[in-house]
Structures are given as C-alpha cells and as structure tokens.
Amino acid sequence: MRHVELILGCHQMQCDEIREWLGAYLDGEVGEEMHRAVESHLPVCGDCSRELAAIRRLHEGIDEAKAVVVPSALWNQIEARLDLSSRRNFGRWLHLRPALAVAACLLFMVAGAYVLLTTNGGAGTAQAATVNFSALLDDVHFDPHGAFNRFIALYHGRAVDVSDAKRHAHELNFDLPQTLPGGFELQYAYAMRIGDNNAAAGEYSRRGELLGVIFHPPVHPEQYGTHQDYACVVGEHRGHAVAVGEWRLVHLTDATTCHCVLSRLDESTELPPILKAVAPELKSTGSHHHP
Amino acid sequence: MTEDEIIAGCRRGNREAQRLLYEQTVKQIFRLLVRMTGDAELASDLVQDTYLKAFGSIAQFNGQASLSTWLYRIAVNDALHHRRRKQPLFLAPDSPTMLSQAAAPSSDTVARLDLDAALSSLDPTDQAILLLRYQEGLDYRTVADVVGCPMGTVASRLNRARTRLRRLLSEEPTAREEKPSLAHPIVVDQAPAVK
C-alpha cells in the first residue's frame, strides 16, 4: 500500500493539507476544487481514509444520543411565569401612575369594606394561601392531563424523583408507589410549594387515563370556584368530594395531610385500595372536612 | 399558523402563538440544552428562561435569521452564561477535576472517558458548535449565526474540538492530525438548513 501511495504521489505535505479539510469535506462545506482534491487523494492514501472513517464515527457518535423526552409540565411552567410576569408588569404600570394607584387602592378598600359588611364580618378567616382547584375542575372534563399539569405549575411544581418529593414534603404522610391497584403507573412525581408550605403530587396513567394525587398541609383552605363539594365515604374514611361529569376530586384529611385524588374511579369500590396505597398512614377515624 | 403569523402573534403577546412557537421548537432546544449541561432539570430551567426571553424580546427579532436560529442563539447564550456563573458545572477544559469526575481515575483516565464526558470537558463554545453541527445538523453558516462568529472560526473550532475529543476518547489522531486552526475561507455549497 505504501508503495502504491508513493507511486501516486501521496506524501506528508499533501496529507497534512487534506486532513485539514476532511471534517469540512464530510460536512459538505468545501468548494469544488478541494472536493476534487480530497476525492482523488483518498483512494490512494490509507492513512487519510482511516482518518476520514474515524471522523465520521465521531460525528455519528455525537448524533446518536438524540432521544430526549421534553417534560410534560414544561409549557405550564412557562405559562405560569408568563402570567406572573404580566401581573408584575401591571404592578410596575401602576407604580409609574401614582394617581391611578391611589384610585385603585381606594376602590379596593371600598370593595373590601362592602364585602365585610355584607358577609359575617370576616371572623375567623385568617387566610393562609388557598389551594385553588377551580381551574383544574373547570378543565378536567375536556383536557385532564393539561388541567392537572397547569394546576401543578400554578403551585411551582417541578418533576422530581419520588424520594425527592418525599424529602421535599417530609412533614406530610403520603406515598407515591410506582404502580397503583388497577394498573395505574406513576408518570411523574412533583415537588410543589403552596404558600409557605411544601406539598407534593403524583401523576399516574392507565392506558392514557389520568389519576392525579395531591398532598398538602391541611392549613390551606380549598377553593372550587363554581363547583360544589359534598360529603363522601371512601372505605373507612369520611371525606368530601367534588364531581365534574365522571371525574371526582376526593379529599381525605388527617392532622398532617390533605390527600386529594383526582380520578374517574368509583369512590366506594375502586378508590379505597388506591387511597390505601398513597396514604398508608391515614388514620381511619380522623378524616374530616378541613378548613 | 405560518411562521410570520406566529411571530406577529407573539409580538402581540398572543398565548396561542407563543404556545405554537414553543411546541414547534422545544424538542430541539431542550435536546441541545440537555447535552450542553448534562442535566435534564437544569436544561428545563434554561428552556423556560429561553422562551421567556424570546417572548419578551420578540420585538427585536428582525427576521434576518430563522426563528429557530434565533432561539438557538438565546439558548446557547443562556447556557454559556450559566456555565460561567456556576463554576462547578463549568470547569475549564483540561480540568483534572472534570476528568476525574467523568471517569474512574487510573493511569489511563482519559482513555476511559465516554463521549458525553469528553464533550463536557471541551471548551463550552467549542462544545456548543460541535453539538449545533453534528447533533442539530446546522450548516456552518447557521452555526456561525447562532454563536456570533465568522464561518472560518466555526471550521477551525470544529477541527480543534474533533482533535481534542478523539484524544480524550483515546482515539489519538495520528502524528499528522488535523491542524487546530484554518486560515482559509470556507465555501458553502448549500443553503442554511435549520431543523
């Protein structure tokens, strides 16, 4: 081979020049003249051919690891930050227009006074951050996964490992097993923040059917928008639930944790084993309607 | 919705247009950032920052580059900026710490580096250029647009990065290895192709 290379004029200087261009040649980024020079050199130079093969392998290696899964909650997180940014911009707008800000404050005070006078006077309503389920309940019928993800994003949810979710919300009693009775598989565990407290959630799926679990401290009042809650019994626990079509958001609360399960499962037959799996330490007599 | 309509919608702050722009481009942006940072969670944060910046500054998008090139530029700048701020993630090339973290220490540590570890030990800009070209499939002109350097620099940095990668992977280029810099101009035979 070396003999052939020498006969055809393959020498060190030519190889050095060719090799400068091999990468660009493979990339289709050389001009016609250089392209021709490389094409005529390669058949007579084993070293440069091997060099070309090595560069090609490297390119293919970099190209290989392409499969990534974009986290499903990512858009919801962006959307939540966009909403937050809009509110801040509105605040800034008011700041730059003091007269309007004063007018807005006065209006707010008048409206507040009206509400106090027309309700029970606000007694006993020291408000912690609320857990607002209204948007989740509004949309769950049409887009269950999207509605659940938006809810998670609203409370700063981020996808984490189960162990991290437990560490994050270590004051709460809950579990997020990989599989739930009925064949639901854990898709994502979330660490969340509601007001000043840590919370957690899990997103399960059974052939595309959503089952969501949310765990938060029972200090947070819950809001359901236009939806009404009713008392229910799940196994040996008393709780309350909100129904939207075939969907149920069931709450069972003990001293440390409100366990919320969003699903299409029957409360009396299918839900008890699910509850036992995600709330193994739930006290049998302790469940009640929390604040 | 066409790209022009999406841009116009984003300029008005239309949420549907913003969502469409995100859906059409997020895979490539996320894929690049995961590979640049080696950390999916950090990549998710950077993706969020990228799109928030894009939506916030879409009025400055002049249409000279394609929308995805513009997004790549924001993402790469963000990632490089983050690397500069977070020293533990952004060790200098040749850092012995990075090499020892990436592979089991031995007399032949470098030989044990896998491709991702080797990539992470490159100069961050070289790494970005390499990924934009070979993972994302951008041509030299578009890569130059994204990182803001001449096309000749893209070619020379690619040569340098390839040589270093092969050395790290213990596939030592022979004595007559690629030279680290190219002085000659690059001729582009094809139109910019942005995935």
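Coordinate-derived values only; no laboratory data. Since this is a predicted model, take the numbers as computed values, not measurements. Counting neighbours? That spans all protein chains shown, and the Cβs are built from the backbone with ideal geometry, glycine included.
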Rounded to the nearest 0.05, what FRET efficiency is calculated for A:ARG50 and B:CYS149 with R0 set to 25 Å and r the Cβ-Cβ distance? 0.25
Which residues in region A:194-208 have a backbone N closer than 15 Å to a point placed 7 Å from the Cα of A:VAL162 along the Cα-to-Cβ line? A:201-205
For peptide A:18-25, what's the mean number of Cβ atoms from other chains within 10 Å of each residue's Cβ? 6
What average number of partner chain Cβ atoms lie no more than 10 Å from the Cβ of the residues making up A:67-74? 6
Placing one equal point scatterer on each C-alpha of region A:153-207 and summing with Debye, one gets log10 I(q)/I(0) at q = 0.26 Å⁻¹ equal to -0.99
Between A:ALA255 and A:ASP138, what length in nm is gained on full extension when 0.36 nm per residue of separation is reduced by their alpha carbon distance? 39.2 nm
Mean per-residue count of partner chain Cβ within 10 Å for A:185-196 equals 0
Of the listed peptides B:30-40, B:114-124, what is their order by residue-averaged count of other C-beta atoms within 10 Å, with the highest listed first? B:30-40, B:114-124
Return the long-range amide H neighbours of A:ASN132 (sequence gap of 5 or more, or a different chain), with a cut-off of under 5 Å between placed amide H atoms. A:GLN223
Which FRET efficiency value, to the nearest 0.05, is calculated for B:GLU5 and A:ARG193 with the Förster distance at 30 angstrom and r the Cβ-Cβ distance? 0.25
Dipole magnitude (debye, nearest 20) for region A:169-285, charges at Cβ of Lys, Arg, Asp, Glu: 100
